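Structure, as structure tokens:
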Amino acid sequence: MLIRVKFFSELIQIISMSIGFFYNELDWINENIIKHLRGHRIHVEAIDINKFILDIHNKDAFKHKLYINRVYPSSNIHSYNNLRFMLEVIRHIENLGIPVINCFDSAYADYSKTEANNILEKFNIPTAQTLLFSNPVIAKRAAKVLTFPRIIKMDAGGRARNVYKVNTPNQYLKVVNRLNRKHHLIHVEKFYKASKGFSTRLFVLNYKCISASKKFLLRGWLGNPARGSTSDLYPDVPKKVCRLGERVARITKTRILGLDIVETEETPVVIDINSTPVFHEGFVKKYGYDPSKMIADFISSEYEKNNA
């Protein structure tokens, strides 16, 4: 009889352990995070943000005790402004008193490069000097006073799409015209030369730097694997760079963080924040650990902590 009671109590506990997992792409990393979470005997509802409807009047719509945001910034470009929509969803879930990893503040810093810079500037974190334009006419006038080279990108985006390096005012004007046709805010930042010939990507989990990699730069400036750049281990990454990554994670409240840094001759400069870092299957063999399992283990521990 006692065995039967124990069995049913454990069964009820397993059934009650549930997580909502928002995604826009079920790639290797997301599929494996879900697999490892289920290995923790947690029910995971995979929610495709492309098919989701937010009903703010239906309080019973959000039945899980924890939600995970794995909607990539790049989805904002080609999938109905999903990242902006995801922000509304996160805000609503948090208003219901349900925790989200990563939280709204973190997701917004990921959504807007300008917002990330605004937050970090308050804490004297070196970031790329930035101008933001909504009016292309004003952006064009700025060509008369800007120094070059510059990096131009959309303020919200991902995977290095619509990112350009311009060396002259004429190149700058051509890119501004191109982005103006897409009706995006225009983000113009100072170009920082990597003193070591590569940029640095940190993986920070629960405010602890887990690993560092070198991102070798295409044409001397573009370090994104989605655009063909390669990477390698960075075992001798300076401690001050790791500490910088951990500090950025705490400031932006980002529990799962991919952080891009350019180590200039003067100081490390934060270039990009990513609260939904992407990893590929080859990462496990190359780096010697499974980030999907580490992320799932962390989420599981947070779930148990919040529902103890």
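No value in this document is a laboratory result; all are computed from the given coordinates. Note that the structure is predicted; figures quoted are calculated from it, not measured. Heads up, the Cβs are rebuilt from the backbone with ideal geometry, glycines too, and the neighbour counts pull from every protein chain shown.
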Whose amide H sits under 5 Å from the amide H of I271, counting only residues 5 or more places off or on another chain, with H placed in the peptide plane? D260, I261, V262
Compactness relative to 2.2 N^0.38 Å, alpha carbon Rg of the range 14-122: 1.09
Order of 47-55, 90-98 by packing, highest average Cβ count within 10 Å first? 90-98, 47-55
